[in-house]
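Q: Sharing a structure, written as structure tokens. Questions coming.
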Amino acid sequence: MKATLLKPYAKFVRRNVALMAARAASAQEDIMRDLVHTARNSAYGRDHDFAGINSYEDFKARVPIGDYEDFRPYADRIRDGESDVSWIGKPKYFAKTSGTTSGVKYIPLTRQSIPNHFGTARNALFNYFAETGKGRWLNGKMIFLSGSPEMTDTNGIMTGRLSGIVNHQVPAWLRTNQLPSYETNCIEDWETKLERIVDETIAADMRLISGIPPWVQMYYERLLQRSGKNTILELFPNLEMFVYGGVNFEPYRQSLEQLVGGRLPSVETYPSSEGFIAFQDSQIENGLLLNADSGIFFEFVPAGEIFDQNPTRLQLSEVETGVNYAIILNTNAGLWGYNLGDTVAFVSVEPYRLLVTGRIKHFISAFGEHVIGKEVELAMREAADKHCVRVTEFTVAPQVSPTEGGLPYHEWFVEFATPPDNAAEFARDLNAAMVKQNIYYKDLISGAILRSLVVRATKPDAFREYMKSQGKLGGQNKVPRLSNDRKIADSLHRKT
């Protein structure tokens, strides 16, 4: 059986993960020097005087922080077929992704950067095996709910979704375990694809399921509808592990565990098209281990300064626990000073473990409160636990000019799987939890600038219908927890 054969390899991986954790700060310094040296003769390296970089201070003076719009002129040159633009040679792939402000983005993946994506996912799984001794998932079927693996050609660079590109990196010995089929994975329409996935997996010996929680939830619900079973564990008695990333699991935990019929061991990952940032290396300790020795030089900017003209920039050895940082990437795929748009906070520096706290552009600060994703999720979890409520999905937006008059407020749109017995008490407790999470929100409430939050219960499947209307149903797409405008809120208001 594969689990027995691969157990020594799992132990080897875990030793290497421990070594990476122990030398993270020094590895980061080495990576900065290696990246600069390798790219010094690229167009970007010449434009930014990489030849004159001998220290991190030199690096900060020459490499500006920017987002995809700032990188776009270089990306366009790469797409046009030019070599040695922001890295040596040409990328092997473009990961094509859509952003909320930049439209379609073409993120380069090079031969040097590809191991960061597939290798880190592999390390996370085998590290879990070595830590827990649980490797039976290798002996059965695994499903990775992902985008289509079909590629297009962009001037000789194969282009597709990251999850589809990674699908092409799966080794032959693992492909026999993998579901769904290639043909099913290529289906673009999510609802059609979901039905075919259920067809192919409903009678299989499923051992591992990977995907973002809201779409795994849809998969579980359809499996139970089709099979007539009460729980997923009745259908898949050997199911051993859940792998997820991209969103906080906690708001979905109660619903998913009820569908499964118990708590499954899980491994959390933090991947992005730009790089695989971190992964859960311990079933005991809190936080995700920073992927500090995998071709990415990380920088961290205090989140409140990210839009300043000259923000504070820190390398890994300078970070502190409990501070909300915007995360900046410099990679062996040719991204430089790249603002990923995420915020993180370290829970430990020995080793460097972090939590994803939200998105730079996903917040509410209509009144200076700067509420972030982590805060609303913790508040919802507290209120839901107190009221024995199950939440399918939720999002929050400011209501600055209420049509009913009175003070403005934060409006919470919530799809309940199990609604509260007393909606007014639930809203009061949710507001109290938010007051504990954010001192600025507390001051606005106590100062009568804002009234207590308002909860709007949506119709079943309201969020899925919204995502479908935006062409973002399925795959790795997710509903923003927070918006500083009313676009999502106004759409959902019609479904309450």
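The values are calculated or read from the model by the stated rules, or taken from the named source; none is laboratory data. Source: prediction; values computed, not measured. FYI the Cβ positions are ideal-geometry reconstructions off the backbone, even for glycines, and counts take in every protein chain you see. Only protein heavy atoms, including side chains, enter the accessible area calculation; ligands, DNA and RNA are left aside. Shrake-Rupley method; radii C 1.70, N 1.55, O 1.52, S 1.80 Å.
Q: Which residues' amide hydrogens lie under 5 Å from the amide hydrogen of Lys105, considering only partners 5 or more residues apart or on another chain, with H built in the peptide plane?
A: Thr97, Ser98, Gly99
Q: Note down the accessible area of Asp189, probe 1.4 Å, to the nearest 10 Å².
A: Accessible area of Asp189: about 80 Å².
Q: Short version: ³J(HN,Hα) in whole Hz for each residue of the range 114-121, in order, from phi by Karplus 6.51 cos²θ - 1.76 cosθ + 1.60 (θ = phi - 60°), x for Gly and Pro, what are they?
A: Values, residue by residue: 4, x, 4, 7, 6, x, 5, 4 Hz.
Q: Whole-Hz Karplus ³J(HN,Hα) for the range 417-432, in order, using 6.51 cos²θ - 1.76 cosθ + 1.60 and θ = phi - 60°, x for Gly and Pro?
A: Along the range 417-432, the couplings run 7, 10, x, x, 5, 10, 5, 5, 5, 4, 5, 5, 5, 5, 5, 4 Hz.
Q: Right, something else. For Ala457 and Glu234, calculate 0.36 nm times their separation in residues minus their Cα-Cα distance, and state this gained length in nm to one decimal. Numbers along the way, then the final one.
A: On the way: separation 223, 0.36 × 223 = 80.28 nm, distance 3.15 nm.
Full-extension gain reported as 77.1 nm.
Q: Check which residues have an amide H placed less than 5 Å from Asp67's amide H, if you skip close sequence neighbours.
A: Long-range HN contacts for Asp67: Asn339.
Q: Given 20 °C and 1.002 mPa s, how large is the Stokes-Einstein diffusion coefficient of the range 281-372 in µm²/s, with Rh as the Kirkwood radius over Cα pairs?
A: On the way: Rh = 13.9 Å.
Translational diffusion coefficient: 154 µm²/s.
Q: So which chymotrypsin sites (Phe, Trp or Tyr not before Pro) in the range 261-327 pass both tests, a DSSP loop state and at most 15 other Cβ atoms within 10 Å of the Cβ?
A: Values: sites: Phe276, Phe279, Phe297, Phe298, Phe300, Phe307, Tyr325; in loops: Phe276, Phe307.
Sites meeting the loop and neighbour criteria: Phe307.
Q: Another question, then. Would you indicate which of [x] 3, 15, 22, 24, 20, 10, 3, 1, 1, 0, 0; [y] 3, 11, 12, 11, 11, 13, 12, 10, 6, 3, 2, 3, 3, 1, 0; [z] 4, 18, 28, 28, 17, 5, 0 is the value of P(r) over Cα pairs in 10 Å bins from 0, in percent derived from the coordinates of this structure?
A: Calculated P(r) over Cα pairs in 10 Å bins from 0, in percent: the matching label is [z].
Q: Treating only the Cβ of Lys, Arg, Asp and Glu as charged (+1, +1, -1, -1), what charge dipole size does the chain show about its Cα centre? Round to the nearest 20 debye.
A: Numbers: 56 positive and 59 negative charges, 232 e Å.
Computed charge dipole of the chain: roughly 1120 debye.
Q: Calculate the all-directions average of the projected area of the range 218-351's alpha-carbon convex hull, and give it in nm². All intermediate terms of the calculation are to be shown ahead of the outcome.
A: Numbers: hull surface 40.6 nm².
Hull-based average projected area comes out at 10.1 nm².
Q: Starting from the 7 Å offset along Cα-to-Cβ, what nm value, one decimal, do you get for the label separation of Gln178 and Asn422?
A: In this crude spin-label approximation the distance works out to 5.3 nm.
Q: Using a 1.4 Å probe, how large is the accessible area of Ile88, given in Å² and rounded to the nearest 10?
A: In the full protein context, Ile88 sits at about 70 Å².
Q: Is the range 350-482 best put as rounded, prolate or oblate by its Cα gyration tensor, with a ≥ b ≥ c the root eigenvalues, rounded for a/c under 1.5, and otherwise prolate when a/b is larger than b/c, oblate when not? Show your work: numbers first, answer last.
A: Details: a/c = 1.33, a/b = 1.12, b/c = 1.19.
Note, shape of the range 350-482 comes out rounded.
Q: A further question follows. Residue by residue through the range 272-288, what is 3J(HN,Hα) from phi via Karplus (6.51 cos²θ - 1.76 cosθ + 1.60, θ = phi - 60°)? Round to whole Hz and write x for glycine and proline.
A: For the range 272-288, the Karplus curve yields 8, 4, 7, x, 8, 7, 7, 7, 6, 9, 9, 7, 10, 7, 7, x, 10 Hz.
Q: Applying 1/(1 + (r/R0)^6) with R0 = 51 Å to the Cβ-Cβ distance of Thr192 and Asp49, what FRET efficiency is obtained, to the nearest 0.05? All intermediate terms of the calculation are to be shown ahead of the outcome.
A: Values: r = 52 Å, r/R0 = 1.02.
Here the calculated transfer efficiency is 0.45.
Q: Still on this structure, I have one more. Quick one: compute the contact order of the range 2-63, relative version, from alpha carbon pairs under 8 angstrom and 6+ residues apart, as a percent.
A: Across the range 2-63, relative contact order equals 17 percent.
Q: Roughly speaking, what is the stretch gain from Cys388 to Glu350, that is 0.36 nm per residue apart minus the C-alpha to C-alpha distance, in nm to one decimal? Please list the in-between numbers first.
A: Numbers: separation 38, 0.36 × 38 = 13.68 nm, distance 3.68 nm.
In short, 10.0 nm is gained.
Q: For the range 144-260, give the percent of accessible area contributed by carbon and sulfur heavy atoms, probe 1.4 Å, rounded to a whole number.
A: Numbers: 2240 of 4520 Å².
Carbon plus sulfur share of accessible area: 50 percent.
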